[in-house]
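Data first, discussion second: the structure below is written as structure tokens.
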Amino acid sequence: MDPAERRTFVRQHRTAIFGYGRKDHGPSMTIVYYVMDGDDILVSTMAGRGKAKAVKRNATVSLCVLDEQWPPTYLLVYCRARVETDHKAVVDLMLRIAGVMAGSEMPESARPLVEEAARIENRVVLRLTPYATFESPPRHVHSTADLNEKLLHGYGEMVPWNAA
């Protein structure tokens, strides 16, 4: 994928597996909805959740952007993350993500309910700035005919986010 294809893939999807290092135990992963802001990827979470705490400890996270169609295709995106607490930005993001989940933009009349939920849940924005991707060409078997000399797995490669 070239830079435009990487951005298009991320923009055209809405779910990802958010990966981060835990203080104890192994790495953690959780499924999230997200939206893009320019090149940045935005995720909503509560300040007390593991994602926000982990970002404060170590800003390096990964996001496995999922194609929701079968067979599964994905793009692994490595990011530097930061926590943002501006209440208006938090509410704006929650409205955008609700729209992504619902498949249509949320009306402005929903803002008061979302503002209250953001306050009660102590919501924050996780702003992820991509710096690299890992690409591994998918190999799928749809029928017996696909089992041939071309169905070979190779090694993926780390590619800078902006690399051609």
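The values are calculated or read from the model by the stated rules, or taken from the named source; none is laboratory data. None of these values were measured; they are calculated from a predicted model. With ideal geometry, Cβ positions are generated from the backbone for all residues, glycine too; neighbour counts draw on all protein chains shown.
Side notes on the structure shown:
- Scanning the stretch 8-20 for residues that are loosely packed, with under 15 Cβ neighbours inside 10 Å and not charged (D, E, K, R) returns Thr8, Gln12.
- Of all residue pairs spaced 6 or more apart or on separate chains, those with beta-carbon atoms under 7 Å, a first member in the stretch 1-28 that is closer than 15 Å to Ala163 by Cβ and a second member that is assigned to a helix (DSSP H, G or I) are Met1/Phe9.
- Single unsatisfied condition, Val32 versus (1) exposed (fewer than 14 other Cβ atoms within 10 Å of the Cβ); (2) of a type in the set (A, V, I, L, M, F, W, C); (3) at pLDDT 95 or above: (1)
- Applying a threshold of 8 Å to beta carbon distances and a minimum spacing of six or more residues, or different chains, the list of pairs starting in the stretch 64-75 at a residue that is over 18 Å from Tyr20 (Cβ atoms) and ending at one that is in a loop (DSSP other than H, G, I, E, B) and modelled with pLDDT of 90 or more reads Asp67/His13; Glu68/His13; Glu68/Arg14.
- Comparison of Glu149, Glu135, Glu105 shows that the only residue that is over 20 Å from Ala52 (Cβ atoms) and touching a residue at least 40 places away in the same chain (Cβ under 8 Å) is Glu135.
- Selection from the stretch 39-82 of residues that are modelled with pLDDT of 95 or more and either part of a loop (DSSP other than H, G, I, E, B) or hydroxyl-bearing (Ser, Thr, Tyr) (or both): Ser44, Thr45, Ala47, Gly48, Arg49, Asn58, Ala59, Thr60, Ser62, Tyr78
- Subset tally (residues that are closer than 23 Å to Leu95 by Cβ and part of a loop (DSSP other than H, G, I, E, B)) for the stretch 11-38: 5
- Condition met for Val90 (at negative phi, part of a helix (DSSP H, G or I), in contact with a Lys or Arg (Cβ under 6 Å, 6 or more places away or on another chain) and surrounded by 12 or more Cβ atoms within 10 Å (Cβ to Cβ)): yes
- Residue match in the stretch 101-122 (condition: within 21 Å of Ser62 (Cα to Cα) and not β-branched (Val, Ile, Thr)): no
- Number of residues in the stretch 129-160 that are more than 30 Å from Arg80 (Cα to Cα) and surrounded by 10 or more Cβ atoms within 10 Å (Cβ to Cβ) equals 4.
- Residue match in the stretch 100-113 (condition: closer than 15 Å to Tyr34 by Cβ, surrounded by 15 or more Cβ atoms within 10 Å (Cβ to Cβ) and out of contact with any strand residue (DSSP E or B) (no Cβ under 7 Å at 6 or more places or on another chain)): no
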